[in-house]
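Structure record follows, encoded as structure tokens.
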There are 2 protein chains.
Amino acid sequence: MAQGEEKAATSREGRRGREARRAQRLQARAASVPWIQRRVPTTEILSPEAIATIEANAERLLEEVGIEFRDYPSALARFRDAGCDVQGVRVRFPRGLARKLASTAPREYVQVARNPARSVRIGGDSLVFAPVYGSPFVHDLDGGRRYGTIEDFRNFVKLAYASPFMHHSGGTVCEPVDLPVNKRHLEMVYAHMRWSDKPFMGSVTHPDRARDTIEMCRILFGQDFLEANTVCTSLINANSPLVWDSAMLGAAEAYAAANQATIITPFILSGAMSPVTVAGTLTQALAEILAGVAFTQLVRPGAPVIFGTFVSTLSMQSGAPTFGTPEAALAIYGAGQLARSLGLPFRTGGSLCASKVPDAQAAYESAQTLLPTLFAGTNFVLHAAGWMEGGLASSYEKFAMDLDQLGMTHVLAGGIDMSENAQAFEAFREVAPGGHFLGCAHTQANFESAFYRSSVADNNSVEQWEAEGALDAPRRANALWKRMLAEYEAPPIDPGVDEALREFIERRKASMPDATH
Amino acid sequence: MAQGEEKAATSREGRRGREARRAQRLQARAASVPWIQRRVPTTEILSPEAIATIEANAERLLEEVGIEFRDYPSALARFRDAGCDVQGVRVRFPRGLARKLASTAPREYVQVARNPARSVRIGGDSLVFAPVYGSPFVHDLDGGRRYGTIEDFRNFVKLAYASPFMHHSGGTVCEPVDLPVNKRHLEMVYAHMRWSDKPFMGSVTHPDRARDTIEMCRILFGQDFLEANTVCTSLINANSPLVWDSAMLGAAEAYAAANQATIITPFILSGAMSPVTVAGTLTQALAEILAGVAFTQLVRPGAPVIFGTFVSTLSMQSGAPTFGTPEAALAIYGAGQLARSLGLPFRTGGSLCASKVPDAQAAYESAQTLLPTLFAGTNFVLHAAGWMEGGLASSYEKFAMDLDQLGMTHVLAGGIDMSENAQAFEAFREVAPGGHFLGCAHTQANFESAFYRSSVADNNSVEQWEAEGALDAPRRANALWKRMLAEYEAPPIDPGVDEALREFIERRKASMPDATH
């Protein structure tokens, strides 16, 4: 590994100048924004008293019930040293301690992309979109539902790269089930590095895989670069209720130690993994987050960390997870307030749905998640496009449709332009009562940029729509993602860096037999 | 007509006791709420300065450009007497005058339904849903797109009546094209009165038809009842830009004079009927509303009136109207602020879409309209269900799917329950870390009412969904609306009143030849 690092460090020197020039060219060309600066207010569903109640309940939960840190003795030692009451794997926090430990985490951070024009700021009023994460299956209208492959994985990376509305390349955009479990992370991280130049997420399924990700980042960005820069944001899920397990703790530790960001996220289906109420669920989520964030800050004070929540509801009839529900929306808004109160960047929401196909159910549920996600003040939106079937399938058509919704969100998040031009008083002087604004000078001067232009919606007359084949939205999206892939052009990469990445990957693959778990 | 009135007044006497008893029974049985009391905050997109700017611009527009009141000399006389500068049909308002005239309109009002348990409060924090309005076509999966009939009209009235989430029976739920233009209003109003007991809207296409509506209301509610009670809320659209025409003014005058409510609504496709910017569009809408509201208050100070806006955007490529766009959402939020600043009940939004079929486009666009509608603080939501194809078609399947979304909105609008029970601390004592909440006492005590239960969403496994026919959401909605119609039971009506209504209708029909416009 040391050899690979050396090589990377060497090739990095020669790469700097070329990359800077290329970045400049790209930046000049880029029509997209690297992230959204939100200019609309957040929705404050909880009163200040309600926030205080939930925070007090979370503290009480941490103190009286505690959190279990399983199969990870060093975490127990860290918490004991920090003043916690540790009994077996159960850690109880004196009131206020977890919050105090969490306070060293930064309010916001920059995740550097290999194309610096695509680096993202995460926190404050920023809003960063990342694709669907973790689906074992993929779905498209032609092939239906099938296991994901590394080819699908690369396709979703390319689609995310090609869209001006997706800021981040994400992580497990689908599970490449055709690769051995213990080696697929190498090809996944490589795909993000090679077929995109947007920021990305690292592997978390085993601490070794987190370390592999970090090594690959060192090859890509240079040996010393990571010490001062965050180039990776990775997803660390709690094992709710109230448990952190060793794989996640190990990965979180590896990333935090290397100054890389983690998203500390209770993944909760309310009613099964938390109480059946929004207030109870938020209480538990906050306790789990405080404990998880405290852990990262004990590893390395100041390591970037995101307050994550993934909360949805259950069908109390079938036990199936449900999405786009009003209770989930309320949890999204409420969690945002708790994150702001704690002063951390916030992750929640996305374009979630339970539907098996990209139909009206999928769209209603996704929109009913995405809009609350925006107005909850979310900074990092995983699953912003492509999520289908409760996260079991990454859908190509839904990916394309969701991208269009993200484009609209860019406009919505910008608020109402109150410039002199936007006030348009001159237009009123030009157009008399009963007149028509389409041809007036003000409209002509503004129409190009006036309204968001949907890539998916058909607004034509029914006659024209029928003449064009009477295609519904998923059929149009099918043509759209295929065109995006056909027109895809890979971002350039330094051949030496690419070679070093491939060498590292092949060496790591050769170092262990294939495994199925 | 006088004879009809007399008869109605007589039969009303005998009806009082029976109706009161029936209403009591119905009230006891009703699981639904008559309207939503919103407990979530409004989204304030515009700063106070921005509101002041738009208000100042609207005043300037009223003063410098003015509004045309066409083919309605009595309106010109009223405005001249009130201090306006009237040149031809152009009325210019001294700064502040329109606002002052509008100030006699009530901040909120009750629209009484014939079943008093279904009366709605309109204004303040209330939220009332009404169905799609004005579509010449209807659409269902079986028959496709076709002209609407009075049979379709009755069906939509029955569906609205059958849903616990629809508070209002609406107005022109589809255009009954099979009836003569000059007589269909009688059957439309009758259908609302007979096949529902929820509040409804009156005819506005001609002042005579407004007067017929009022006569029918007198028959239904009693001769004197209307003087002190509002039993009808009707839609008065401006002819934007900056024109009010005689049909609408005549209808508005008839309703206001009878103390019945009107929704003063600029219907604006931004870029064609207003400037191509949100700020410019809001300015114009406010000016048109102020003038329209002022007119109603000159007719009868204190007559209930709603600040209405219908704002959407155009495709600047094709000129086609577009819906669910971010610019429309911004206009919805902004208009709500202007309405609150003026102190009037507010109407906007709905479940709008441009799609020709109830697909993902329809659902994305509808949700992207409905959620802003809620958070804009809207009090009266026309087109809350069934709207398709830019309002050209009332869709049965979309009606059923939208009803489900309205159900969810009831929960969302309720905010987060912070009761002791909802805080759920006892559940945490019961369920250890790593445990499961599904079986715990707190969940068992709450699961029945814990989560909204969707009537349309399928949350089952893909295997079960396939075993059940792999139906997409519109196919499931198709079965749902058919079941609702099959199970529909008409609300009782006093036979004497019914007879008097039918007599009035037949007499009016006999009084004129059929007309086609």
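Along segment A:302-314, what does the Karplus equation 6.51 cos²θ - 1.76 cosθ + 1.60 (θ = phi - 60°) give for ³J(HN,Hα), rounded to whole Hz, x for Gly and Pro?
Along segment A:302-314, the couplings run x, 4, x, 8, 9, 6, x, 9, 10, 10, 9, 10, 10 Hz.
For chain B, which longest stretch is free of loop sites, where a loop site is one of the GluC sites (Glu not before Pro) that DSSP puts outside H, G, I, E and B and that has at most 14 other Cβ atoms within 10 Å?
Numbers: sites that count: B:Glu468, B:Glu489.
The reported range is B:1-467.
Residue by residue through B:107-116, how many Cβ atoms from other chains fall within 10 Å of the Cβ on average?
On the way: counts 0, 0, 0, 0, 0, 0, 0, 0, 0, 0.
What the average comes to for B:107-116 is 0.
Name the residues of segment B:338-363 whose accessible area, probed at 1.4 Å, falls by at least 30 Å² once all protein chains are in place instead of their chain on its own?
Hits at the 30 Å² cut-off: B:Lys356, B:Val357, B:Asp359, B:Ala360, B:Gln361, B:Ala363.
Let's test the formula: R0 of 41 Å, r as the Cβ-Cβ distance of B:Leu141 and B:Ser419. What FRET efficiency results, to the nearest 0.05? Write out the running numbers ahead of the final one.
Numbers: r = 43 Å, r/R0 = 1.05.
In this case the efficiency is close to 0.45.
Convert 10 °C to kelvin, take the viscosity as 1.306 mPa s, use the Kirkwood radius over C-alpha pairs of segment A:349-455 as Rh, and evaluate the Stokes-Einstein diffusion coefficient in µm²/s, rounded to a whole number.
Values: Rh = 16.0 Å.
My calculation gives 99 µm²/s for D.
Would you list B:Tyr161, B:Tyr396 from the most to the least accessible area, probe 1.4 Å?
On the way: B:Tyr161 30, B:Tyr396 5 Å².
Final ranking, largest accessible area leading: B:Tyr161, B:Tyr396.
According to a simple spin-label model (label point 7 Å from Cα along Cα-to-Cβ), what is the distance in nm between A:Phe447 and A:Ala77?
Label-label distance for A:Ala77 and A:Phe447, simple model: 7.2 nm.
How high is the FRET efficiency from B:Gln223 to A:Ser511, r the C-beta distance, R0 56 Å, rounded to 0.05?
So the FRET efficiency works out to roughly 0.05.
What is the Å³ per residue value for the convex hull set by the Cα atoms of the protein assembly as shown?
Details: hull volume 164.1 nm³, N = 1034.
Taking the convex hull of the Cα positions in the protein assembly as shown, it is 159 Å³ per residue.
With a 1.4 Å probe and all protein chains left in place, how much of the accessible area of chain B comes from carbon and sulfur atoms, in whole percent? Write out the running numbers ahead of the final one.
Details: 8790 of 16950 Å².
Its accessible area is 52 percent carbon and sulfur atoms.
Roughly how big is the B-A contact, given as buried accessible area in Å² (both sides, 1.4 Å probe, nearest 100)?
Details: alone 21560 and 21590 Å², together 33910 Å².
Its buried surface, counting both partners, is about 9200 Å².
At A:Ala470, label 7 Å along Cα→Cβ: distances to the other copies, nm, ascending?
2.1
Suppose each label sits 7 Å from its Cα in the direction of the beta carbon; what would the B:Ser47-A:Tyr488 distance come out to in nanometres?
A separation of 4.3 nm, rounded to one decimal place.
Taking only protein heavy atoms and a 1.4 Å probe, what accessible area per residue, in Å², does segment A:350-397 have with all protein chains in place? Before the final figure, lay out the partial values.
Working: 330 Å² over 48 residues.
Normalised by residue count, the accessible surface of segment A:350-397 is 7 Å².
For segment A:48-112, what value does the Rg/Rh ratio take when both radii are computed over Cα atoms and Rh is the Kirkwood radius, given to two decimals?
Values: Rg = 13.9 Å, Rh = 13.1 Å.
Checking Rg against Rh, the ratio lands at 1.06.
Measure out, as a whole number of angstrom, how far apart the alpha-carbon centroids of segment A:73-132 and segment B:231-305 sit.
The two parts, judged by their Cα centres, are 54 Å apart.
Name the residues of segment B:277-297 whose accessible area, probed at 1.4 Å, falls by at least 30 Å² once all protein chains are in place instead of their chain on its own?
B:Thr277, B:Ala279
Restricting to lysines 8 or more places apart or on different chains, can you count the pairs in chain A with Cα atoms under 13 Å from each other? Please report the intermediate quantities before stating the final value.
Numbers: A:Lys158/A:Lys198; A:Lys158/A:Lys482; A:Lys183/A:Lys509; A:Lys356/A:Lys398; A:Lys398/A:Lys482.
Eligible lysine pairs with Cα atoms under 13 Å apart amount to 5.
Among B:Gln464, B:Asn478, B:Phe375, whose Cα sits farthest toward the positive end of the charge dipole of segment B:365-517 (+1 at Cβ of Lys/Arg, -1 at Cβ of Asp/Glu, about the Cα centre)?
Selected residue: B:Phe375.
Taking 4 °C and 1.567 mPa s as the conditions, I'd like the Stokes-Einstein D for segment B:302-415 in µm²/s, using the Kirkwood hydrodynamic radius from alpha carbon pairs.
Details: Rh = 14.2 Å.
Once the numbers are plugged in, D ends up at 91 µm²/s.
Rank B:His167, A:His436 by accessible area, highest first, at a 1.4 Å probe radius? Could the numbers behind the result be given before it?
On the way: B:His167 5, A:His436 110 Å².
The most accessible residue leads, giving A:His436, B:His167.
Which whole-Hz ³J(HN,Hα) couplings does segment A:413-428 yield from phi under the Karplus relation 6.51 cos²θ - 1.76 cosθ + 1.60, θ = phi - 60°, glycine and proline marked x?
5, x, x, 9, 5, 10, 5, 4, 4, 5, 5, 6, 5, 4, 4, 5
Calculate log10 I(q)/I(0) of segment B:174-225 for q = 0.23 Å⁻¹, where I(q) comes from the Debye formula with a single equal point scatterer on each Cα and nothing for solvent.
Relative scattering, expressed as log10 I(q)/I(0), comes to -0.88.
Quick one: plug the Kirkwood hydrodynamic radius of segment A:418-501 (C-alpha pairs) into Stokes-Einstein at 4 °C, 1.567 mPa s, and report D in µm²/s. Display every interim value, and only then the final one.
Working: Rh = 17.8 Å.
The Stokes-Einstein estimate is 73 µm²/s.
Over chain A, what per residue volume does the convex hull of the Cα atoms give, in whole Å³? Spell out each step's value before the answer.
Details: hull volume 88.4 nm³, N = 517.
Considering the Cα atoms of chain A, their hull volume per residue is 171 Å³.
Hey, got the average number of other protein chain Cβ atoms within 10 angstrom for residues in B:433-444?
Working: counts 16, 10, 4, 4, 15, 8, 1, 3, 0, 4, 10, 1.
That average works out to 6.
Compute accessible area for segment A:307-331 by itself and then with all protein chains, 1.4 Å probe, and report residues whose area falls by 50 Å² or more.
A:Met316, A:Gln317, A:Pro326, A:Glu327, A:Leu330
Please list 3J(HN,Hα) in residue order for segment A:94-109, calculated via the Karplus relation 6.51 cos²θ - 1.76 cosθ + 1.60 where θ = phi - 60°; whole Hz, with x for glycine and proline.
x, 3, x, 5, 4, 5, 5, 4, 5, 5, 7, 6, x, 5, 7, 8
Between copies, how close do the A:Phe225 label points come, placed 7 Å along Cα→Cβ, listed in nm from shortest?
Counterpart label points of A:Phe225 in the remaining copies fall at 7.7 nm.
Measuring with a 1.4 Å probe in the full set of protein chains, what accessible area per residue, in whole Å², belongs to segment A:123-171? Numbers along the way, then the final one.
Values: 1300 Å² over 49 residues.
Accessible surface, normalised per residue, equals 27 Å².
Based on the Cα coordinates of segment A:322-389, what is the per residue volume of their convex hull in Å³? Don't skip to the end; give the middle numbers.
Working: hull volume 4.3 nm³, N = 68.
Taking only Cα atoms, segment A:322-389 has a hull volume of 63 Å³ per residue.
Using only the alpha carbons of segment A:168-319, determine the length spanned along each of the three principal axes and report them from longest to shortest in whole angstroms.
Over segment A:168-319, Cα extents along the principal axes are 50, 38, 25 Å.
So what's the back-of-envelope 222 nm ellipticity for chain B, counting only DSSP H runs of four-plus at -39500 (n - 2.57) apiece and dividing by all residues, rounded to 500? Walk me through the numbers on the way to the answer.
On the way: 19 runs with 247 residues, N = 517.
Mean residue ellipticity at 222 nm (helix-derived): -15000 deg cm²/dmol.
Charges at C-beta only: +1 for Lys and Arg, -1 for Asp and Glu. How large is the resulting dipole of the protein assembly as shown about its Cα centre, in Debye rounded to 20? All intermediate terms of the calculation are to be shown ahead of the outcome.
Details: 100 positive and 114 negative charges, 223 e Å.
Rounded to the nearest 20 debye, it is 1080 debye.
Is there a quick way to get the dipole size of segment A:75-168? I mean about its Cα centre, with the Cβ of Lys and Arg at +1 and of Asp and Glu at -1; what is the value in debye to the nearest 20?
On the way: 15 positive and 8 negative charges, 108 e Å.
My answer is approximately 520 debye.
From the P(r) of segment B:84-210, can you give the percent of Cα pairs sitting at distances over 21 Å?
That fraction is 53 percent.
Could you order peptides B:92-105, A:257-270 by the average number of other Cβ atoms within 10 Å of their residues, highest first? List each step's numbers first, then the result.
Working: B:92-105: 18.9, A:257-270: 24.9.
Descending mean neighbour count gives A:257-270, B:92-105.
The values are calculated or read from the model by the stated rules, or taken from the named source; none is laboratory data. Note that the structure is a prediction, hence the values are computed from the model and not measured. Ideal geometry is used to build each Cβ from the backbone, glycine not excepted, and the neighbour counts take in all protein chains shown. To get the accessible areas, we keep the full protein, side chains included, count just its heavy atoms, and leave off ligands, DNA and RNA. Shrake-Rupley method; radii C 1.70, N 1.55, O 1.52, S 1.80 Å.
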